[in-house]
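Engineer: Can you read through this structure? Questions will come right after.
What follows draws every value from the coordinates through simple rules; no lab data is involved. What you see is a predicted model; the values in this text were computed from it and never measured. Heads up, the Cβs are rebuilt from the backbone with ideal geometry, glycines too, and the neighbour counts pull from every protein chain shown.
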Amino acid sequence: MAKKNYPFFEIEISKNYPSGISTHIDWKPNTNIVETRDSLIIEMELPGVDKSDVAITLLNNQELIVKGVKNQPRLKHDPATYYLFEREFGTFYKRIVIDFPLDTSNIKSFMESGVLTIEVSKKVVSKISVEIK
C-alpha cells in the first residue's frame with residue numbers, strides 16, 4: 001500500500017516483551033488509530049485497567065509503545081468455581097511505528113469510561129528553498 005494511504009510501517013501486538021523480558025502477553029486491547037490533519041489519535045479499550053497500570057512511551061519521534069496490565073479482581077467468596085470465564089486479564093503490549101515524525105513536546109493522554117485516548121501532534125517539517133547558482 002502507498003504510504004499516504006497507510007502511514008504505519010508496523011503495528012506489533014507482541015507475544016512477548018522486547019529486550020529479553022520474559023513476561024507473556026495475555027490479551028490484546030481493541031485499538032483505533034486515527035490520523036487528522038494535525039495529529040495522530042490512538043483509542044485503546046482498557047476496561048477495568050487502572051491508569052497507574054499503563055505505560056506510554058514515544059521513541060525516536062515515530063514509535064509509540066503502550067503496555068500495561070489488567071489485574072484480575074479477587075473474588076469475595078474464595079474458593080469458588082468458575083463455570084464461564086470470558087473476561088481477559090494480564091499483560092498487554094502494543095507497538096505502533098508511524099511513517100511521519102511526531103512532536104514529542106505535545107502529547108496528551110486521558111482515560112475515560114475504560115478507553116485510553118492518546119493524541120500526539122504531528123511534527124511540523126519546515127521546507128527550505130535552495131537557490132541554484
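Per-residue answers, yes or no, for (1) free of Cβ contacts under 8 Å to residues at least 40 places away in the same chain; (2) farther than 14 Å from Leu40 by Cα; (3) of a type in the set (D, E, K, R):
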| position | (1), (2), (3) |
| --- | --- |
| Asp78 | yes, yes, yes |
| Thr81 | yes, yes, no |
| Arg87 | yes, yes, yes |
| Ile98 | no, no, no |
| Leu102 | no, no, no |
| Met111 | no, yes, no |
| Val120 | no, no, no |
| Val130 | yes, yes, no |
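Engineer: Something else about it: Identify, from the list Gly114, Gly68, Gly48, Gly90, the residue that is within 19 Å of Asp26 (Cβ to Cβ), in contact with a His (Cβ under 9 Å, 6 or more places away or on another chain) and not polar (S, T, N, Q).
Structural biologist: Gly90
Engineer: Has the range 38-50 got any residue that is among the polar types (S, T, N, Q) and outside any strand (DSSP E or B)?
Structural biologist: no
Engineer: Let me ask something additional. Just checking, how many residues over the range 38-69 are out of contact with any Lys or Arg (no Cβ under 9 Å at 6 or more places or on another chain), over 15 Å from Val120 (Cα atoms) and in contact (Cβ under 8 Å) with a residue 40 or more places away in the chain?
Structural biologist: 2
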